[in-house]
Amino acid sequence: MTEPILRIRNLSAVSDLERGTSILRGVDLELAPGETLGLVGESGAGKSTIAKALLGVLPHTVRVTQGEIIFDGQNLRTLPQRALRQIFGDVITLIPQDPLTALNPGRRIELQLTDGLRVRRNMTWRQARQRAIKLLDEVHITDPERVMRSYPHELSGGMRQRVLIAAAFALEPKLIIADEPTTALDVTVQKQILRLIRGLQEAHRTAVVFVTHDLGVVAQICDRVTLLFAGTVIEAGTTAELLETPTHPYTKALIAAGPRYDQPGVGLTPVPDDIIKALRADIVASDGRSHA
Ligand SMILES: Nc1ncnc2c1ncn2[C@@H]1O[C@H](COP(=O)(O)OP(=O)(O)OP(=O)(O)O)[C@@H](O)[C@H]1O
Ligand SMILES: [Mg+2]
């Protein structure tokens with residue numbers, strides 16, 4: 001791999017809500033510039049926790065206990081607040097899960113798209129507006145002027161998600177975090193949105209961490225995959241390696257249990273109980289060893 005834009009090393013976190021339960025257990029991952037990494041796992045695996053750590057929005061009840069998050073050569077865990085403010089929401093941005101709640105209901109799209117360009121890129125109102133229209137065009141919105149004048153509730157779910165994708169790419173970030181960005185959309189719109197994100201990511205050579213519980217989504221847009229279970233990396237590799245020649249029994253079971261992964265939109269099918277039990281026992285045993 002070329003020099004990674006993101007390298008997470010041995011990242012561990014505990015939940016103070018659950019009496020110090022481990023939610024990340026020594027997670028390692030790497031992402032090269034211009035690549036899409038799928039972060040996959042069942043509910044509670046720790047996907048969003050990693051995403052939030054990358055965006056600097058971890059809740060106070062989650063405590064990182066060890067590890068490094070090296071982004072563009074700097075450890076985000078030790079950078080001063082001032083430096084972090086120039087990274088989060090600027091060089092690292094988010095495509096959120098729910099397009100309605102992520103937009104401010106009381107402000108026209110125009111304002112929401114131009115704020116960042118004016119504040120963070122010192123553009124004039126006119127420059128920011130031109131850039132916003134170009135961005136809406138890039139996300140295949142055919143009547144950008146109308147959308148600019150609209151309030152979020154006047155747009156469909158798919159349109160709102162396109163606006164948020166435009167917003168995520170607006171500042172030309174180096175890394176975009178997409179946390180299940182299509183789960184709130186119906187299957188046909190999902191496919192269009194995935195294609196759109198992939199197209200923009202390739203055109204802008206942006207690195208993307210794509211959180212999903214859907215191997216179909218992984219097959220469609222990810223270059224690499226990291227599979228998590230209970231905060232532990234189970235298997236990682238290129239998408240082809242992981243889907244076609246999985247080595248871990250859990251990965252094999254996931255692929256075997258699921259519908260064909262060339263059909264995005266179905267999600268993870270539960271794997272047999274005995275495999276889950278063995279995996280949990282393994283993880284608990286290694287927790288015991290690491291605390292010894
Ligand atoms: N605000 C919080 N404070 C403390 N612990 C939390 C908090 N949010 C989530 N957790 C815990 O962290 C663990 C991982 O949760 P996380 O949200 O990262 O999982 P996920 O893989 O994103 O799951 P999902 O597919 O349901 O979104 C869970 O055990 C959860 O209970
Ligand atoms: Mg999540």
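The values are calculated or read from the model by the stated rules, or taken from the named source; none is laboratory data. It should be emphasised that the depicted structure is a prediction, and the values quoted were computed from it without experimental measurement. Cβ atoms come from the backbone with ideal geometry, glycine included; neighbour counts cover every protein chain shown.
Of the residues making up region 165-196, just one is in contact with a Pro (Cβ under 7 Å, 6 or more places away or on another chain) and part of a strand (DSSP E or B), namely 179.
Against the conditions (1) in a loop (DSSP other than H, G, I, E, B); (2) among the polar types (S, T, N, Q); (3) within 16 Å of ligand 2 (Cβ to nearest atom); (4) out of contact with any His (no Cβ under 9 Å at 6 or more places or on another chain), residue 101 satisfies every one except (1). Among the residues examined, residue 247 qualifies as hydroxyl-bearing (Ser, Thr, Tyr), more than 16 Å from ligand 2 (Cβ to nearest atom) and not in a helix (DSSP H, G or I). Filtering region 26-63 to residues that are out of contact with any helix residue (DSSP H, G or I) (no Cβ under 7 Å at 6 or more places or on another chain), assigned to a strand (DSSP E or B) and within 13 Å of ligand 1 (Cβ to nearest atom) leaves only 63.
A quick yes/no check of all residues on (1) aliphatic (A, V, I, L, M); (2) more than 24 Å from residue 168 (Cβ to Cβ):
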site	(1), (2)
23	yes, yes
28	no, yes
38	no, no
88	no, no
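Put simply, of 63, 7 the only residue that is farther than 28 Å from residue 198 by Cα and away from ligand 2 (no atom under 16 Å from the Cβ) is 63.
Candidates 47, 134: the one that is within 16 Å of ligand 2 (Cβ to nearest atom), at pLDDT 95 or above and either at negative phi or not acidic (Asp, Glu) (or both) is 47. Name the residue, out of 160, 224, 198, 205, that is touching a helix residue (DSSP H, G or I) at 6+ places or on another chain (Cβ under 7 Å), surrounded by fewer than 18 Cβ atoms within 10 Å (Cβ to Cβ) and of a type in the set (Lys, Arg). Of 160, 224, 198, 205, the one residue that is touching a helix residue (DSSP H, G or I) at 6+ places or on another chain (Cβ under 7 Å), surrounded by fewer than 18 Cβ atoms within 10 Å (Cβ to Cβ) and of a type in the set (Lys, Arg) is 198. The sole residue among 102, 13 that is over 13 Å from residue 209 (Cα atoms), buried (at least 16 other Cβ atoms within 10 Å of the Cβ), among the aliphatic types (A, V, I, L, M) and modelled with pLDDT under 95 is 102. Of the residues making up region 124-142, those that are in contact (Cβ under 8 Å) with a residue 40 or more places away in the chain and not in a helix (DSSP H, G or I) are 139, 140.
Of the residues 199, 158, 216, which single one is out of contact with any Cys (no Cβ under 8 Å at 6 or more places or on another chain), within 16 Å of ligand 1 (Cβ to nearest atom) and assigned to a helix (DSSP H, G or I)? After ruling out the rest, the residue left standing is 216.
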